[in-house]
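The values are calculated or read from the model by the stated rules, or taken from the named source; none is laboratory data. Since this is a predicted model, take the numbers as computed values, not measurements. Ideal geometry is used to build each Cβ from the backbone, glycine not excepted, and the neighbour counts take in all protein chains shown.
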Amino acid sequence: LTKVITANQMALFSSQPKHPFTVFVEGNIGSGKTTFLKHFEKFNDICLLTEPVERWRNLNGVNLFDLMYKNPERFAMPFQNYVTLTMLKLHIQETSKPIKLMERSMFSARYCFVEKMLSNGTLHEGMYHVLQEWYNFIHDHHHVQCDLIVYLRTSPEVAYERIKKRARDEESCVPFEYIKDLHELHENWLIHGQFFRPAQVLVLDANLDLENINSEYRRSELSVLKPIM
Ligand code: DGT
């Protein structure tokens, strides 16, 4: 059977941008990435992709996320493996919308979390190199679109207070030192350029409380909504 493509279908195909304008929302744990994404829910032209924490919590009934925190020596590697897969799926997920807004990316997993796990000895050097091989392979064989990074910059103290307040079960054992080190890693990557930055970085003051943060969010609209303005 010859497949006849109607004019409407043609129009639909051509209206699907192959590479939507893609924004990664980055920042320490507790920096307000979820709230930032919520701010953009009101715009129809944006495909919002939240981080797959729920999948990490329930992999066929196994809470890999909890195991990673409770028994890092054993579970950091499988957890990081699964993070890579779930993030890659989001990176290559197609959308008909002109803008894609993603909570985190494979890059923060690689340059912040995996680096931290290597330096505190949670990941054996051999495991670290296996992960690097995966990242390099993905980088060479998949197009990972990124047009802008929004960095929600907090002090580690503010991030830690928020984490304590929201009291996620799995994060109850997270010490301040961990948040401080993750802060330094985000700074090294996004401010000092110690690791590869796939796009320009817009830095927002995410220390502001909920009442005052809206002006910061609005400041980012011009950059995030660029393709439709
Ligand atoms: P928000 O809205 O800024 O407060 O963001 P969160 O805290 O909901 O999201 P995020 O990505 O900073 O952290 C969620 C949890 O997942 C947190 O316990 C850290 C953990 N996490 C995220 N990505 C990775 C990763 O690549 N490796 C490890 N070990 N943990 C990760």
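Quick look at the numbers
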| item | result |
| --- | --- |
| One residue from I179, I191 being crowded, with 16+ Cβ neighbours inside 10 Å and at pLDDT 95 or above | I179 |
| Residue in the range 84-98 that is in contact with a strand residue (DSSP E or B) (Cβ under 6 Å, 6 or more places away or on another chain), within 23 Å of F40 (Cβ to Cβ) and hydroxyl-bearing (S, T, Y) present | yes |
| Subset tally (residues that are more than 7 Å from the ligand (Cβ to nearest atom), surrounded by fewer than 24 Cβ atoms within 10 Å (Cβ to Cβ) and of a type in the set (A, V, I, L, M, F, W, C)) for the range 24-42 | 3 |
| The range 147-184, residues that are part of a helix (DSSP H, G or I), closer than 18 Å to K116 by Cβ, within 11 Å of the ligand (Cβ to nearest atom) and not hydroxyl-bearing (S, T, Y) | A159, I163, E170, E171, C173, I179, L182 |
| Every pair of residues 6+ apart whose Cβ atoms lie under 7 Å, when the first sits in the range 65-77 and is within 13 Å of M117 (Cβ to Cβ) while the second is part of a loop (DSSP other than H, G, I, E, B) and not charged (D, E, K, R) | P72/T122; E73/T122; A76/T122; A76/L123; M77/L123 |
| Near pairs, Cβ below 9 angstrom, 6+ apart or cross-chain, from the range 149-173 (of a type in the set (D, E, K, R) and at pLDDT below 95) to any residue that is away from the ligand (no atom under 11 Å from the Cβ) and not in a loop (DSSP other than H, G, I, E, B) | E170/K70; E171/K164 |
| Pair list, Cβ under 6 Å, 6 or more apart: the range 17-34 residue in contact (Cβ under 8 Å) with a residue 60 or more places away in the chain and assigned to a strand (DSSP E or B), other residue away from the ligand (no atom under 16 Å from the Cβ) and of a type in the set (D, E) | F21/D147; T22/D147 |
| Residues (surrounded by 14 or more Cβ atoms within 10 Å (Cβ to Cβ) and either farther than 27 Å from K180 by Cβ or within 9 Å of the ligand (Cβ to nearest atom) (or both)) located in the range 43-52 | F43, D45, I46, C47, L48, L49, T50, E51 |
| Test: residue in the range 8-18 that is away from the ligand (no atom under 16 Å from the Cβ), of a type outside the set (A, V, I, L, M), more than 24 Å from P156 (Cβ to Cβ) and modelled with pLDDT of 95 or more | no |
| E103 vs. criteria at pLDDT below 95, within 26 Å of E184 (Cα to Cα) and within 10 Å of the ligand (Cβ to nearest atom) | no |
| Yes/no for D140 being within 21 Å of S105 (Cα to Cα) and surrounded by fewer than 12 Cβ atoms within 10 Å (Cβ to Cβ) | yes |
